[in-house]
Amino acid sequence: TLPSGRTAYRQLADYTSDMAALATQYPTKVKQFTLKNNSLENRAIRGIEVTRDVNVSNGKPVFLMLGLHHAREWPSGELTLEFAYDLLKNDGVDPRITNILDKARVVFVPVVNPDGFNLSRTLGYELKRKNCRITNGQLPTAGQCAQSANRSRGTDLNRNYSGFWGGPGASSSLTSETYRGASAFSEPESRNVQAFVSAHQVTTLITNHTYSNLVLREPGYAGAGPTPDESIYKALGDQMAAQNGYDSQFSYELYDTTGTTEDWSYYATGGLGFTFEHGANSFHPAFSNVVNYYFGTGSTAGKGNRSAFLLAAESTINPARHS
Ligand code: 0X9
Ligand code: ZN
């Protein structure tokens with residue numbers, strides 16, 4: 001059973017109400033916040049910060065976890081919010097979690113792309129990937145994003161960050177699934193992540209995606225060359241992969257990308273950013289699979305993402321342990 005007890009994929013309203021409920025239930029450990037910009041369809045985008053004495057500003061380092069840049073990748077939001085439930089449920093029970101809440105701030109934004117997710121999860125276009133950019137320079141009108149003629153439009157938020165924007169592995173066509181946008185950070189949803197990371201001490205970041213059972217680290221395209229942090233970056237990626245049973249590799253070994261979250265965040269801040277690609281072969285398999293993604297299915301499949309996520313949070317407290 002997942003930490004929240006859920007047995008079906010959340011809809012957008014469930015993410016909203018669950019985060020609000022956690023903030024109410026744990027007022028000293030959970031602070032809800034709203035990101036800087038509403039989505040193109042004018043939805044507020046929310047996150048929660050989890051730490052001991054959350055209302056005290058104390059400079060603890062941040063582990064940031066993101067979900068649902070890509071609308072159809074439903075498990076990416078589930079795993080993000082379930083880790084929050086787990087930390088809160090097991091604070092004072094599991095000493096690793098008690099230590100994490102003592103020494104780090106863990107921040108969750110489970111739904112980076114609410115408009116796309118709503119279309120995929122609720123409005124029937126399950127394979128939606130991008131946001132609701134229909135025409136550059138204009139906001140979509142009500143219902144426009146869901147019209148069948150517009151469904152292939154949109155900016156791929158994971159090509160819209162400024163790191164190497166305009167380079168290989170992204171498209172300049174608005175109907176391509178990897179459309180990079182009119183300019184770097186043209187989209188409010190990617191600017192939200194930019195603003196948050198720029199304002200906080202984010203030392204480790206996981207952006208959850210599906211699928212391929214991978215732990216990906218920079219560089220995102222081969223031409224960028226190795227990062228100066230390769231030794232510690234690889235060490236942490238390999239340690240997390242040893243827990244969840246995924247392959248740990250350079251992002252470009254999957255394929256070249258530019259403008260992804262860590263293509264910006266790593267080079268902008270030096271914080272170690274990873275893309276986790278969950279699951280073997282589906283963007284959103286039957287919900288029962290999410291339990292396996294979280295807790296693992298036994299020795300051959302590793303221990304699941306729970307222990308990998310704990311390592312990531314611990315890495316913000318003691319980075320040297322990974323070198
Ligand atoms: O193409 C993507 O954006 C990611 N794969 S997905 O199937 N979830 O769309 C992979 C991005 C990997 N590259 C970097 N993180 N640089
Ligand atoms: Zn994705």
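The values are calculated or read from the model by the stated rules, or taken from the named source; none is laboratory data. Here the structure is a predicted model, which means the values were calculated and not measured. Using ideal geometry, Cβ is built from the backbone for each residue, glycine included, and neighbour counts are taken over all protein chains shown.
For region 132-144, the criterion of being touching a helix residue (DSSP H, G or I) at 6+ places or on another chain (Cβ under 6 Å), in contact (Cβ under 8 Å) with a residue 40 or more places away in the chain and within 16 Å of ligand 1 (Cβ to nearest atom) is satisfied by no residue at all. Selection of region 166-197 for residues being away from ligand 1 (no atom under 12 Å from the Cβ), part of a loop (DSSP other than H, G, I, E, B) and either touching a residue at least 24 places away in the same chain (Cβ under 8 Å) or under 23 Å from residue 109 (Cα atoms) (or both) yields 166, 174, 181, 182, 184, 185, 186, 187. Just one of (1) surrounded by fewer than 23 Cβ atoms within 10 Å (Cβ to Cβ); (2) on the phi > 0 side of the Ramachandran plot trips up residue 134, so point out which. Only one criterion is unmet by residue 134, namely (2). Of all residues in region 70-82, at least one satisfies being surrounded by fewer than 24 Cβ atoms within 10 Å (Cβ to Cβ) and part of a loop (DSSP other than H, G, I, E, B).
For every residue, the table says whether it meets (1) within 15 Å of ligand 2 (Cβ to nearest atom); (2) touching a Gly at 6+ places or on another chain (Cβ under 6 Å); (3) modelled with pLDDT of 95 or more; (4) within 23 Å of residue 83 (Cβ to Cβ).
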{"position": "163", "(1), (2), (3), (4)": "no, no, yes, no"}
{"position": "170", "(1), (2), (3), (4)": "yes, yes, yes, no"}
{"position": "174", "(1), (2), (3), (4)": "no, no, yes, no"}
{"position": "197", "(1), (2), (3), (4)": "no, no, yes, yes"}
{"position": "208", "(1), (2), (3), (4)": "yes, yes, yes, yes"}
{"position": "211", "(1), (2), (3), (4)": "yes, yes, yes, yes"}
{"position": "223", "(1), (2), (3), (4)": "no, no, yes, no"}
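Going through region 257-281 one residue at a time, which ones are touching a strand residue (DSSP E or B) at 6+ places or on another chain (Cβ under 7 Å), small (Gly, Ala, Ser) and not in a strand (DSSP E or B)? Within region 257-281, 265, 271, 279 qualify. Scanning region 266-285 for residues that are more than 15 Å from residue 73 (Cβ to Cβ), more than 10 Å from ligand 1 (Cβ to nearest atom) and of a type outside the set (Phe, Trp, Tyr) returns 268, 269, 270, 271, 272. If only residues of region 225-278 that are hydrophobic (A, V, I, L, M, F, W, C) and within 16 Å of ligand 2 (Cβ to nearest atom) are counted, the one that is farthest from residue 192 (Cα to Cα) is 254.
Conditions (1) out of contact with any Gly (no Cβ under 8 Å at 6 or more places or on another chain); (2) within 17 Å of residue 310 (Cα to Cα), marked per residue:
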site: 22; (1), (2): yes, no
site: 40; (1), (2): yes, no
site: 50; (1), (2): yes, yes
site: 70; (1), (2): no, no
site: 92; (1), (2): yes, yes
site: 102; (1), (2): yes, yes
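Would you check if residue 169 is closer than 27 Å to residue 115 by Cβ and buried (at least 17 other Cβ atoms within 10 Å of the Cβ)? Yes.
Out of the residues in region 150-165 that are among the small types (Gly, Ala, Ser) and more than 14 Å from residue 258 (Cα to Cα), state the one that is farthest from ligand 1 (Cβ to nearest atom).
Step one: filter region 150-165 for residues among the small types (Gly, Ala, Ser), giving 152, 154, 162-163.
Applying the additional criterion that residues be more than 14 Å from residue 258 (Cα to Cα) yields 152, 154.
On the way: 152: 16, 154: 13 Å.
Filtering first and then ranking leaves 152.
Filter region 287-323 for residues that are basic (Lys, Arg) and at pLDDT below 80; which is nearest to the chain's Cα centre (by Cα)? Among those that are basic (Lys, Arg) and at pLDDT below 80, it is 303. Would you confirm whether any residue within region 125-139 is more than 16 Å from residue 262 (Cα to Cα) and among the aromatic types (Phe, Trp, Tyr)? For region 125-139, residues more than 16 Å from residue 262 (Cα to Cα) and among the aromatic types (Phe, Trp, Tyr): present.
Mind listing just one residue for me: the one in region 227-244 that is more than 14 Å from ligand 1 (Cβ to nearest atom) and outside any helix (DSSP H, G or I) and, of those, surrounded by the most Cβ atoms within 10 Å (Cβ to Cβ)? By that ranking, first place goes to 229.
Does residue 214 satisfy the condition of being crowded, with 17+ Cβ neighbours inside 10 Å, out of contact with any Pro (no Cβ under 9 Å at 6 or more places or on another chain) and not β-branched (Val, Ile, Thr)?
yes
For region 265-275, give me each residue that is among the hydrophobic types (A, V, I, L, M, F, W, C) and touching a helix residue (DSSP H, G or I) at 6+ places or on another chain (Cβ under 7 Å). Across region 265-275, the qualifying residues are 272, 274.
Kindly check whether there is at least one residue in region 177-193 that is touching a helix residue (DSSP H, G or I) at 6+ places or on another chain (Cβ under 7 Å), among the β-branched types (Val, Ile, Thr), at pLDDT 95 or above and farther than 26 Å from residue 74 by Cβ. No, that holds for no residue.
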